[in-house]
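Asker: Would you mind keeping the following structure in view while I ask a few things?
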Amino acid sequence: MAQDIRDIMKASSSQEPKLPKGHKARFEARLQANFSPNKTLQASSPMQIWIKIAAVAIAFVAVSVFGYYQLSKNSMGDSLVESVPGVESQTDEKLVHLADISPDLKRVEQYYTTGIKGVLASLTITTDNKDVIDGYMQQLQVLDLEYESLNLELTQAGPTEETITALVDNLKLRLELLMKLKTKLKELKNNTNENISSIEV
């Protein structure tokens, strides 16, 4: 009972589909009701207009702030490189660190940097100890600059025993310096407490 599809199509194409009576008029009326130019203005309430204005204003402010920060960041980076004579930009060359050389050196570097960060986070600056902390921070900054120059040397000349030892010693010195600072602050606090208690007695 198989039928040829061509015969079925010929029989069905001869019959024209008929739309219900008034279909065209109802369709045109709906189009006019939904897409007339006055419909969009009438449907917008004052609240919807204010919401649209606020959304545009927020988008404008966000784009402006983002653009400002991007431009200021780019101009700051350019001015820093131009302001220091003899310093070339290191963006093309990635610095090599101890962690890049071996897993053992990575653990050593992480140990010391974690200790340094921990001590720095535990410091409490007051008016009594600010001068002491500032003095130690200047010494720490000198060691930081030395560490950066050693990393640059490590990148340019390659890993040598002297450079690696100097980097590890630098990290050790920084941690020892911070531990001395912590001890000094504790002594200063104890002296202050003793002075206060002797004044009260």
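Asker: Just to check your reading of the model, which residue among SER72, SER13 is at pLDDT below 80, surrounded by 10 or more Cβ atoms within 10 Å (Cβ to Cβ) and not acidic (Asp, Glu)?
Answerer: The conditions single out SER72.
Asker: Additional query: Being over 17 Å from LEU120 (Cα atoms) and of a type in the set (Ser, Thr, Tyr) is the filter here; which residues of the stretch 147-190 pass it?
Answerer: TYR147, SER149, THR155, THR160, THR163, THR165
Asker: Here is a check on your reading of the model: is LEU177 touching a residue at least 12 places away in the same chain (Cβ under 8 Å) and touching a helix residue (DSSP H, G or I) at 6+ places or on another chain (Cβ under 7 Å)?
Answerer: Considered against the rule, which asks whether it is touching a residue at least 12 places away in the same chain (Cβ under 8 Å) and touching a helix residue (DSSP H, G or I) at 6+ places or on another chain (Cβ under 7 Å), LEU177 comes out as yes.
Asker: Output the qualifying pairs, or none if there are none: Cβ atoms under 7 angstrom, residues six or more apart or on different chains, first residue in the stretch 128-148 and in contact (Cβ under 8 Å) with a residue 24 or more places away in the chain and assigned by TED's automatic domain parsing to the domain that holds ASP169, second residue in a helix (DSSP H, G or I) and of a type in the set (Ser, Thr, Tyr).
Answerer: From the stretch 128-148, the pairs are ASP128/THR192.
The values are calculated or read from the model by the stated rules, or taken from the named source; none is laboratory data. Here the structure is a predicted model, which is why all the values come from computation and not from measurement. Cβ: placed from backbone, ideal geometry, glycine included. Neighbour counts: every protein chain shown.
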